[in-house]
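Reading through the structure tokens given below for one structure.
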Amino acid sequence: MGLPVSPSLPPFQKKIVILKLNFEKAFDKVEHQAILEVMKHKGFPSKWIKWIENILGSGTSSVLLNGTPGKIFKCKIGVRQDDPLSPLLFVLATDLLQSIVNRVWLMGVLTHPISDNFGGDFPILQYADDTLLILRRDARTLFNLKGIMRPFSDSTGLHVNFNKSFLVPINMSNNRAQPLANTFGCHLGSMPFTYLGLPLGTTKPSVQDFSPLLSRIERRMSGFSRLLSYDSRLILVNVVLSALPTFYMCSLKIPPQVVKQIDVYRKHCLWSKRDVNRKGSCLVAWETTCKPKNQGGLGIINIENQNDALLMKHLNSFYNQHDLPWVNLTWSKLYSNNQTPSQARCPVGSFWWKDLLKLFTPFKNLIKCDPSRGNTDLFWLGSWSPTPLKEKYPHLFFFCKKPKCYIRFFLNNELEANFSLPLSNQATEQLSMLLETELDRPWVESTADIWSYASGNATFSSKATYKLLIGVTEASPLFSMDLESW
């Protein structure tokens, strides 16, 4: 689905609205025939469609009357709950909405919220039964969209529950947004709101926005944990309590206060048998327990390092210029002049992007750039050379005009733009060495730079990155062997 904005872009001033649709009993009312027709028009093989038809047709129901089931009949609507195939089939049916909206947008009935020259699909986010539409703030657009929803509902069986749907205004007051909500017939919402279990907003989530996560962890501190042995409680902490924040950590930087509270819950579950008010019961310092077992720890996951390792995958996507909507948009809007983030004195972008840029220093220590286009790494300070050129050619570096220039800038400019002339004899010798060794390689602007990792993996691995972030600590072989039994 098309995205109109990137999570890395700074707040923009366009007046738009976000419409969150809620379908009435979505999984129970979707038409089987609609799913099959969409699959047919998308080019699925007839054999595959027949398999899906048999799966959908195998569902049966009966009516209970005074506890006695009646005659069994086959279902022609709905998909099975808790079936891993059901969300995929449901998304195929709702993809019809994307096709309809794209067509009326090209016909001029709807207007793109950013620009009609934006490219791609009209901005709709669809995951399972959660649907977000990003629209321009005018009553005509919402009125036309409501008219479009009627034939979509009739053909798929998915009817909008207007009482649970809401409209969120951006860069406009609630007084101006209320008539728009009335036009569509839904409620007026506000930022932040929950989407896919995460707080969605234009500002950085507060500690209070993470309270649902803390409540879930606290509820999982089962009362029976006081009956468990230490090794069983260690498994409970690592497998359950440490795993619950993972979904949040993949997308957001967890505030230190939240990390501290999560550690309090894990610490008391391990040592105090769930009693959070009990103090002075820890047998080992928490920093020690978070070390690997072969380094004298208990192997408990360090939440802060795990969060950084999971977020670094976004930096990997950005610097390797993966074909993702947010990556392409960030490069085109923020770094169209090839000024990479590592050069920026004042980071630009949203709170999410600024949090990622704070991880660039540890990320840089884990990677090495193999430049081709030369627009993602610094010439003098970058990791593309085993030894930074600043240290390898100190006399030449003394005369450089832009010590933080990127590789492509250096290659595209003449000697006068890169250095303060005239050069000394030592600098001239080092310049000759630089041209004969470092720069004597193919430079292809059409090929993106490739970033590899110190872990030896060809692709980014959060697990390997986490191990590098926690580092290595020397421990007694006897002590580490003792803890392996835990």
*Efficiency of FRET from Cβ geometry, Phe398 and Ile55, R₀ 51 Å, rounded to 0.05*: 0.10
*What accessible area per residue, rounded to a whole number of Å², is obtained for the stretch 370-470 using a probe radius of 1.4 Å?*
55 Å²
*Rank Lys354, Lys20 by accessible area, highest first, at a 1.4 Å probe radius?*
Lys354, Lys20
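Apply the Kirkwood formula to the chain: the hydrodynamic radius equals the inverse of the mean of 1/r over all pairs of different alpha-carbon atoms; give it in Å with one decimal. Show your work: numbers first, answer last.
Numbers: mean 1/r = 0.0368 Å⁻¹.
Here the Kirkwood hydrodynamic radius works out to 27.2 Å.
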_Considering only C-alpha atoms, what is the centroid distance from the stretch 192-211 to the stretch 80-133, in Å?_
23 Å
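Place a +1 charge on the Cβ of each Lys and Arg in the chain and a -1 charge on the Cβ of each Asp and Glu, then give the dipole magnitude about the Cα centre in debye, rounded to the nearest 20. Intermediate results must be reported in sequence, preceding the final value.
Numbers: 54 positive and 38 negative charges, 322 e Å.
Around 1540 debye, computed over the chain.
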_Modelling each spin label as a point 7 Å along the Cα-to-Cβ direction, I'd like the Tyr230/Leu244 distance in nm, to one decimal._
2.4 nm
_Checking the table Lys29/Lys204; Lys25/Lys74; Lys20/Lys463; Lys15/Lys404; Lys29/Lys313; Lys40/Lys164 against a 27 Å threshold on Cα-Cα, which pairs fail?_
Lys29/Lys204; Lys20/Lys463; Lys15/Lys404; Lys29/Lys313; Lys40/Lys164
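What accessible area per residue comes out for the stretch 157-246, rounded to a whole number of Å², with a 1.4 Å probe? Provide the component values of the computation, followed by the final result.
Numbers: 4660 Å² over 90 residues.
I get 52 Å² per residue for the stretch 157-246.
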*For Arg216 paired with Thr202, estimate the spin-label separation in nm (one decimal), with each label point 7 Å from Cα along the Cα-to-Cβ line.*
2.8 nm
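Note the per residue figure in Å³ for the convex hull of the C-alpha positions in the stretch 304-443.
116 Å³
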*With everything on Cα atoms, drop me the angle between helix 174-184 and the longest principal axis of the chain, reported from 0 to 90° to the nearest 10.*
50 degrees
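Give me the percent of the accessible area of the chain that comes from carbon and sulfur atoms, probe 1.4 Å, all protein chains in place. Walk me through the numbers on the way to the answer.
On the way: 14080 of 25900 Å².
Its accessible area is 54 percent carbon and sulfur atoms.
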_Exposure of Phe90 as accessible area (Å², to 10), given a probe of 1.4 Å and all protein chains_ = 0 Å²
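Asp154 to Asn425: FRET efficiency via 1/(1 + (r/R0)^6), r the Cβ-Cβ distance, R0 60 Å, to the nearest 0.05? Before the final figure, lay out the partial values.
On the way: r = 83 Å, r/R0 = 1.39.
E between Asp154 and Asn425, to the nearest 0.05, is 0.10.
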*For the chain, what is the relative contact order in percent, using Cα pairs closer than 8 Å and at least 6 residues apart in sequence?*
15 percent
*Cα axis of helix 425-436 to longest principal axis of the chain: angle in degrees, 0 to 90, nearest 10?*
40 degrees
*Compute the separation of the alpha-carbon centres of the stretch 420-469 and the stretch 221-271 and state it in Å as a whole number.*
41 Å
*Relative to the first principal axis of the alpha-carbon coordinates of the chain, what is the inclination of helix 325-334, with its axis defined by its Cα atoms, in degrees from 0 to 90 and to the nearest 10?*
50 degrees
*With a 1.4 Å probe and all protein chains in place, put Val168, Val472 in order of accessible area, largest first.*
Val472, Val168
_19 Å reach of a label modelled at Tyr127, 7 Å along Cα-to-Cβ, counting backbone N of the stretch 227-263_ = 243-255
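The values are calculated or read from the model by the stated rules, or taken from the named source; none is laboratory data. All values reported here derive from a predicted model rather than from experimental measurement. Positions of Cβ are generated from backbone atoms using ideal geometry, with glycine treated the same way; all protein chains shown enter the neighbour counts. SASA here: full protein model, heavy atoms, side chains in, ligands and nucleic acids out. Shrake-Rupley method; radii C 1.70, N 1.55, O 1.52, S 1.80 Å.
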